[in-house]
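So the structure is just underneath, and the comments pick up after that.
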Amino acid sequence: MTKAPEASNASALKYKRVLLKISGEALMGPGDYGIDNPTVDRIAGEIKDAQNLGVELSLVIGGGNIFRGISTAAEGMERASADYMGMLATVMNALAMQNALERMGVYTRVLSAIEMTAICETYIRRRALRHLEKRRIVIFAAGTGNPFFTTDTAAALRAAEMKCDVLLKGTQVDGVYTADPKLDPTAERIEKLTYHDVLARDLKVMDQAAISLTRESGIPIVVFPIGETGGIVGALTGAGTSTIISDN
């Protein structure tokens with residue numbers, strides 16, 4: 001069982017029901033590919049800290065640390081087949097995160113958009129909502145279950161279906177920049193954007209389908225550094241460094 005949320009921290013929460021999108025690359029740690037268990041444990045510990053504040057929390061994890069469909073398709077594989085392989089990679093990451101969380105005493109459920117009942121539940125919206133109401137962390141796997149859609153789009157879709165207050169997007173940098181700060185030293189960080197700004201300026205935050213869906217659903221996006229200690233709680237309370245995308 002997780003401990004009850006502390007009143008002082010819970011009162012600082014800006015959001016009650018949250019979807020957290022984590023890239024597969026965030027699980028690599030110092031490696032070039034695969035899953036780094038100490039890194040997964042660190043992120044799981046921060047997810048547990050967030051839940052202890054009283055948040056109803058769900059996750060979507062990408063699969064780029066294991067397999068990236070678009071780049072493989074560009075090398076000659078049929079795009080649909082490549083995307084399905086990428087969906088299987090997200091299931092592997094979801095199971096790794098579930099294992100880390102449950103070793104910390106956090107109740108979780110993995111719900112897959114592709115049926116694989118031997119290892120996880122099949123996604124059903126009402127079942128997922130019930131898990132959240134019971135204070136379980138829900139990990140959505142296998143994207144939308146369809147090729148040609150990214151896990152960013154899957155995150156936006158699940159956030160809308162779960163009626164989330166916010167979509168947290170964990171990245172390797174501390175917000176949205178005018179260009180890739182790792183490649184362009186003149187890139188400037190942006191504190192606040194509208195959905196239209198992201199689309200019009202073609203900023204590489206999330207794909208256009210995800211931005212359009214969050215805009216239609218009125219779900220703000222908070223982009224924050226997943227590699228920074230306390231980054232998830234900071235994004236939830238507004239204390240951390242982040243970029244907020246909304247029309248408000």
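Tabulated data for the structure shown
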| read-out | value |
| --- | --- |
| Residue identified as under 24 Å from Pro220 (Cβ atoms) and modelled with pLDDT of 90 or more among Ala10, Ala26 | Ala26 |
| Odd one out for Ala100, checked against (1) over 18 Å from Leu19 (Cα atoms); (2) touching a helix residue (DSSP H, G or I) at 6+ places or on another chain (Cβ under 7 Å); (3) of a type outside the set (Asp, Glu); (4) not in a helix (DSSP H, G or I) | (4) |
| Flag if Ile119 is β-branched (Val, Ile, Thr), closer than 23 Å to Ser58 by Cβ and either surrounded by fewer than 20 Cβ atoms within 10 Å (Cβ to Cβ) or modelled with pLDDT under 95 (or both) | yes |
| Subset of the stretch 140-164 [part of a helix (DSSP H, G or I) and either surrounded by fewer than 24 Cβ atoms within 10 Å (Cβ to Cβ) or over 14 Å from the mean Cα position of the chain (by Cα) (or both)] | Thr153, Leu157, Ala160, Glu161 |
| Count of residues meeting criterion [touching a strand residue (DSSP E or B) at 6+ places or on another chain (Cβ under 6 Å), touching a residue at least 40 places away in the same chain (Cβ under 8 Å) and farther than 20 Å from Ala82 by Cβ] in the stretch 116-154 | 6 |
| Arg215 vs. criteria over 14 Å from the mean Cα position of the chain (by Cα), of a type in the set (D, E, K, R) and surrounded by fewer than 17 Cβ atoms within 10 Å (Cβ to Cβ) | no |
| Some residue of the stretch 207-215 being under 24 Å from Gly24 (Cβ atoms), in contact with a Leu (Cβ under 9 Å, 6 or more places away or on another chain) and assigned to a loop (DSSP other than H, G, I, E, B) | no |
| Within the stretch 165-198, considering residues that are of a type in the set (A, V, I, L, M, F, W, C) and within 20 Å of the chain's Cα centre (by Cα), the one modelled with the lowest pLDDT | Val173 |
| Residue match in the stretch 179-191 (condition: in contact with a strand residue (DSSP E or B) (Cβ under 6 Å, 6 or more places away or on another chain) and in a helix (DSSP H, G or I)) | no |
| Val18 under 14 Å from the mean Cα position of the chain (by Cα), under 18 Å from Ser112 (Cβ atoms) and modelled with pLDDT of 95 or more | no |
| Only one of Val91, Val110 that is β-branched (Val, Ile, Thr), in contact with a strand residue (DSSP E or B) (Cβ under 6 Å, 6 or more places away or on another chain), assigned to a helix (DSSP H, G or I) and at pLDDT 95 or above | Val91 |
| Sole residue being at pLDDT below 95, surrounded by fewer than 23 Cβ atoms within 10 Å (Cβ to Cβ), closer than 28 Å to Pro30 by Cβ and not β-branched (Val, Ile, Thr), chosen from Ala80, Ala74 | Ala74 |
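Residue by residue, here is whether (1) crowded, with 16+ Cβ neighbours inside 10 Å; (2) of a type in the set (Phe, Trp, Tyr); (3) in contact with a strand residue (DSSP E or B) (Cβ under 9 Å, 6 or more places away or on another chain) holds:
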position	(1), (2), (3)
His196	no, no, no
Leu203	yes, no, yes
Phe224	yes, yes, yes
Thr229	no, no, no
Val233	yes, no, no
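The values are calculated or read from the model by the stated rules, or taken from the named source; none is laboratory data. This one's a predicted model, so the numbers in the text were calculated from it and none came from an experiment. Using ideal geometry, Cβ is built from the backbone for each residue, glycine included, and neighbour counts are taken over all protein chains shown.
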